[in-house]
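The values are calculated or read from the model by the stated rules, or taken from the named source; none is laboratory data. Only a predicted model underlies this, so the values are computations on that prediction, with no experimental measurement involved. All Cβ positions, even for glycine, are placed from backbone atoms using ideal geometry, and neighbour counts span all protein chains on display. Surface areas here come from the heavy atoms of the whole protein model, side chains and all, with no ligands, DNA or RNA. Shrake-Rupley method; radii C 1.70, N 1.55, O 1.52, S 1.80 Å.
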Amino acid sequence: MTQEVDLKRRKFLTIATGVVGGVGAAHLAVPFVSSWQPSAKAQAAGAPVKVDISKLQEGQMITVEWRGKPVWIVKRTPELLDALPTVRDNLRDPDSAEEQQPKYAVNEHRSIKPEILVLVGVCTHLGCAPLYRPEMSAEDLGADWKGGFFCPCHGSKFDIAGRVYQSVPAPTNLEVPPYRFIDDATVLVGEHPEEFTA
Ligand code: FES
């Protein structure tokens, strides 16, 4: 009898440990910034997400989660910004005529501050996660590659403002979510600047 209870207890402990391990692994696999974020329930309901960008270096990108989607925040280098006008002729919608961004992001850099780019990291073809490829003339992307995003699923290319290239499957530019700056070091994803909320 004692032996039977021991066996049952051992089985329970094994299952319980397995579940905890599984949760831990799933959590580790999601490379989102977890600090400063509201609860999962509030996020699912669409609560804005406050992001500290004070440590973001030129050329770096961080990913946060907003409304269940990845949102990228990139600090572009002067070299990447200088490249924006040079790729215009190869883009499908270089002037952001389609409604893939709020009004305050209808400009060449598709952002409030030229150096800080905020984009929804979901390919506009079938929803894969494009890769951040900021390097110039990347060997696998061609000598005329000026930095941007590459979707490995079907080969769509976007420039470093998320504008889609011609002759790729993605039909539109990557989406710019609503966002505003609380101060120079803090972005609030999910809320428009005050002057655009009236
Ligand atoms: S999902 Fe990105 S190219 Fe198809």
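Taking T86 as the residue in question, decide whether it is β-branched (V, I, T) and either within 12 Å of the chain's Cα centre (by Cα) or part of a loop (DSSP other than H, G, I, E, B) (or both). It is false that T86 is β-branched (V, I, T) and either within 12 Å of the chain's Cα centre (by Cα) or part of a loop (DSSP other than H, G, I, E, B) (or both).
Of the residues that make up region 125-135, is at least one part of a loop (DSSP other than H, G, I, E, B), among the hydroxyl-bearing types (S, T, Y) and within 16 Å of the ligand (Cβ to nearest atom)?
Quick first cut of region 125-135, residues part of a loop (DSSP other than H, G, I, E, B) only: 125-130.
Then keep just the ones that are among the hydroxyl-bearing types (S, T, Y); that gives none.
Checked against the condition, which is being part of a loop (DSSP other than H, G, I, E, B), among the hydroxyl-bearing types (S, T, Y) and within 16 Å of the ligand (Cβ to nearest atom), region 125-135 yields no hits at all.
Residues that are on the phi > 0 side of the Ramachandran plot and either within 10 Å of the ligand (Cβ to nearest atom) or assigned to a strand (DSSP E or B) (or both) within region 147-170 comprise G147, G148, G155, listed in sequence order. If you check Y132, Y179, Y104 for being in contact with a helix residue (DSSP H, G or I) (Cβ under 7 Å, 6 or more places away or on another chain) and either open to solvent by 70 Å² or more (accessible area, probe 1.4 Å) or assigned by TED's automatic domain parsing to the domain that holds Q57 (or both), only one passes: Y104.
In this structure, is T172 surrounded by 14 or more Cβ atoms within 10 Å (Cβ to Cβ) and under 27 Å from K50 (Cβ atoms)? Steps first, answer last, please.
On the way: surrounded by 14 or more Cβ atoms within 10 Å (Cβ to Cβ): yes; under 27 Å from K50 (Cβ atoms): no.
When the stated conditions are applied, T172 does not pass them.
In region 154-174, the residues that are closer than 20 Å to P85 by Cα and among the polar types (S, T, N, Q) form Cβ pairs under 7 Å with partners that are open to solvent by 10 Å² or more (accessible area, probe 1.4 Å) and not in a loop (DSSP other than H, G, I, E, B), at six or more places apart or across chains, as follows: Q166/N90.
One residue alone among E98, E115 is more than 17 Å from F158 (Cβ to Cβ), modelled with pLDDT of 95 or more and of a type outside the set (A, V, I, L, M, F, W, C), and that residue is E115.
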